[in-house]
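In what follows, a structure is listed as structure tokens, so that the remarks can point back to it.
Every read-out reported here was derived from the displayed coordinates using simple, explicitly stated rules and does not represent laboratory data. Please read these numbers as outputs of a predicted model, since none were measured by experiment. Here the Cβ positions follow ideal geometry from the backbone for every residue, glycine too, while neighbour counts run over all protein chains shown.
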Amino acid sequence: MSENSFTYLEGEIKVFKTSRKNIQVKIEGLNEDIARVFLVNEVGGPIIDIPDNVKFRNVMTNKNLPLTSVNDRNSYLVTWIYTYELLEGEDVIFRLELQREQKKVFGLALYLKKLHIELIITSSPVVNREWYMHMSNSYQRSWHGQR
């Protein structure tokens with residue numbers, strides 16, 4: 001895994017450099033979908049008074065995120081769904097491109113779905129093997145965008 005990645009594990013904390021020497025971005029996973037972002041100085045101390053010209057923007061909506069108090073620290077709350085940019089004035093000094101590694105998530109979901117279908121088949125005399133094969137193939141096609 002790259003040193004510039006973040007996995008959203010609860011409690012995971014990483015610090016990333018920006019293009020400004022005196023501003024770093026610290027990210028802490030709160031759960032599997034949400035993380036908090038806060039700014040620290042070059043020695044890791046929190047930046048308490050964030051200058052008015054520093055904004056954290058959701059790139060998709062083009063809206064600035066409000067500061068939210070989390071654990072007594074001003075933070076920006078982010079999700080894996082969007083990409084964000086930290087701006088100083090009009091300059092982008094940090095970009096957080098968020099994406100979920102969907103292969104593993106969907107692979108597990110597909111496995112659990114098959115497991116569930118197999119359990120139904122083994123516990124129900126009404127369901128037959130042809131129905132299972134049809135449902136399994138339909139389910140796989142729907143994940144891969146095929147019809």
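Listed values, structure above:
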read-out	value
Cα pair distances of the stretch 13-97 binned at 10 Å [whole percent]	18, 58, 24, 0
Likely footprinting exposure, 69, 75, 19, fewest C-beta neighbours within 10 Å first	69, 19, 75
